[in-house]
Amino acid sequence: MEDGTSRSPGHCGDTAADYDVLQWDTRVDCEVRQILDRVADKWSLLAIALLDQRSLRFTELKRKIDGVSQRMLTRTLRQLERDGLVSRTVFPTVPPRVDYALTPLGASLHTTIKALVTWTEGHQNEIAAARDDYDRRAAAEALVTAGSP
């Protein structure tokens, strides 16, 4: 970049050798943060994981994602489509049939999500033990605090 020029307003860091966690700027216009917020959302993660297996109709996705409202699923799929992670195909039938599928970009993201799930599965017992330890310490501290004047 030339002297005297500035980066785009949405630029807030990169993952070069001098990696800095603060690159995920708290500004609303930070593109990296916006993308991370989108792909780390629980509904997005579930939709991407399900679509990795095959393309699905909206009603199939809704049925498979326990607890998601129609409005939230619609919003999630639109955002994923806008980001280029999901493709939407409308078939001119009565009623209209709409299929959703991962794009190659979405499939590459699924690889990362799968690694995160694998890590979680491998460490769930350690996490459960840490939670139990924390809960015991918090309960003991609450008793001490309640007993002090």
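The values are calculated or read from the model by the stated rules, or taken from the named source; none is laboratory data. Predicted, not measured: the structure shown is a model, and the values here were computed from it. Cβ atoms come from the backbone with ideal geometry, glycine included; neighbour counts cover every protein chain shown. Areas reflect the complete protein model, heavy atoms only, side chains present, ligands, DNA and RNA absent. Shrake-Rupley method; radii C 1.70, N 1.55, O 1.52, S 1.80 Å.
Averaged over its residues, region 39-149 has an accessible area of 71 Å² per residue, based on protein heavy atoms and a 1.4 Å probe.
Please give the peptides 67-73, 104-110, 123-129, 45-51 ranked by average Cβ packing (other Cβ atoms within 10 Å per residue), highest first, as a rough proxy for protection.
45-51, 104-110, 67-73, 123-129
Only protein atoms count toward the accessible area here, which uses a 1.4 Å probe; on region 61-125, the carbon and sulfur part of that area reaches 55 percent.
Label separation (ILE127 vs GLN34): 2.9 nm, computed from points 7 Å beyond Cα along the C-beta direction.
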